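Working notes, beginning with the structure itself.
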Amino acid sequence: MSRREAKSATATLPAGVDAPVFAEPWQAEAFAMTVALHGNGLFSWSEWADALSAEVKQPDAASDGHDYYEHWLAALENLLSAKGVAGKGDIDALAAAWERAAHATPHGKPILLENDPGPTG
């Protein structure tokens, strides 16, 4: 869907619906991962609320909330680390691998982790 089509679709949303909830696909994915991990019993909603609250109260948080899902993702990463699922180093290494894979993937092709050429240096 092009931006124009998305904007047109937004203009025809039902009354009371202003815009899509997620500005980017990764935001929806982070949301879905959080719900799935909660559903699998990794953490309670109160644990999640505490973790997210701590993140959005950070002094560098944007007053207009445009960085909300960045804080959401940080809260999820912190919970994964606290629960021993994945440490910060593991998360950072995987994020770097995805970034390298994205840069190594031709435009218009799906980004696959297998496209990661590995760290350079």
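State which residue pairs qualify: first residue closer than 21 Å to Glu24 by Cα and inside segment 73-95, second residue part of a loop (DSSP other than H, G, I, E, B) and not hydroxyl-bearing (Ser, Thr, Tyr) in any location, beta carbons under 9 Å apart, and separation of 6 or more residues or different chains. Partner pairs satisfying both residue conditions: Ala74/Gln58; Glu77/Ala86; Leu94/Ala86.
Considering segment 56-112, the residues that are within 24 Å of Val21 (Cβ to Cβ) and of a type in the set (Ser, Thr, Tyr) include one that is surrounded by the fewest Cβ atoms within 10 Å (Cβ to Cβ), namely Ser63. When Leu79, Leu73, Leu42 are checked against the criterion of being outside any loop (DSSP other than H, G, I, E, B) and either among the charged types (D, E, K, R) or over 13 Å from the mean Cα position of the chain (by Cα) (or both), Leu79 stands alone in meeting it.
Quick grid of which residues meet (1) over 22 Å from Ala32 (Cα atoms); (2) assigned by TED's automatic domain parsing to the domain that holds Phe31; (3) in contact with a Pro (Cβ under 8 Å, 6 or more places away or on another chain):
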site: Val56; (1), (2), (3): no, yes, no
site: Asp67; (1), (2), (3): no, yes, no
site: Ala74; (1), (2), (3): no, yes, no
site: Asp92; (1), (2), (3): no, no, no
site: His107; (1), (2), (3): yes, no, no
site: Ile111; (1), (2), (3): no, no, no
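Results for (1) modelled with pLDDT under 95; (2) farther than 29 Å from Asn115 by Cβ; (3) of a type in the set (D, E, K, R), shown as yes or no for each residue.
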site: Arg3; (1), (2), (3): yes, no, yes
site: Asp18; (1), (2), (3): yes, yes, yes
site: Ala23; (1), (2), (3): yes, no, no
site: Leu37; (1), (2), (3): no, no, no
site: Ala49; (1), (2), (3): no, yes, no
site: His66; (1), (2), (3): yes, yes, no
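The values are calculated or read from the model by the stated rules, or taken from the named source; none is laboratory data. These numbers were taken from a predicted model, which means no experiment stands behind them. Glycine also receives a Cβ, built like all others from the backbone with ideal geometry; neighbour counts cover every protein chain displayed.
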